[in-house]
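Derivation of every value follows stated rules applied to the coordinates shown; laboratory data play no part. The shown structure was predicted, so the numbers you read here are calculated from the model rather than taken from an experiment. Ideal geometry is used to build each Cβ from the backbone, glycine not excepted, and the neighbour counts take in all protein chains shown.
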Amino acid sequence: MSAAAFIVAALAVGRATRLVINDRFPFARPQAWLHETDEGAWFQVMVTCPWCLSGWLSLLTLGVLEWRYSVPLPAVVWFGLWWSAVAAYWLLELLAKYGASDEPPPYIDLDDDEFS
């Protein structure tokens, strides 16, 4: 498995996680159903938590990569893919929050007297 395939897989899992959890199209009805179910049901937690869902999607993606390529140390690759996908998910969250608005992203002004 090449590094490019790993990066593309991590970005794809991060995007798929955001698609299922946050985006309203095409999952508006299933999301409404999930929020109507009992709070804390195991399936609701597994599908609405980005940490949990990205882990399961990473495992599924690793299965596809194992079928297509020969993946050395699949457990290590799964763990790396999972955490890379989580990082991609949060990067997409930042882009969605600050990319569509005029609000500037948060930053620390080092010239401010508070940090002197």
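Here are the numbers for the structure shown:
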| item | result |
| --- | --- |
| Highest to lowest packing among 3-14, 80-91, scored as the average C-beta count within 10 Å | 80-91, 3-14 |
| Karplus 3J(HN,Hα) series, Hz, for the stretch 74-83 with 6.51 cos²θ - 1.76 cosθ + 1.60 (x for Gly, Pro) | x, 5, 5, 5, 4, 4, x, 5, 4, 6 |
| Calculated from backbone phi, Karplus (6.51, -1.76, 1.60) coupling profile of the stretch 15-21 in Hz, x at Gly/Pro | 5, 5, 5, 5, 4, 6, 7 |
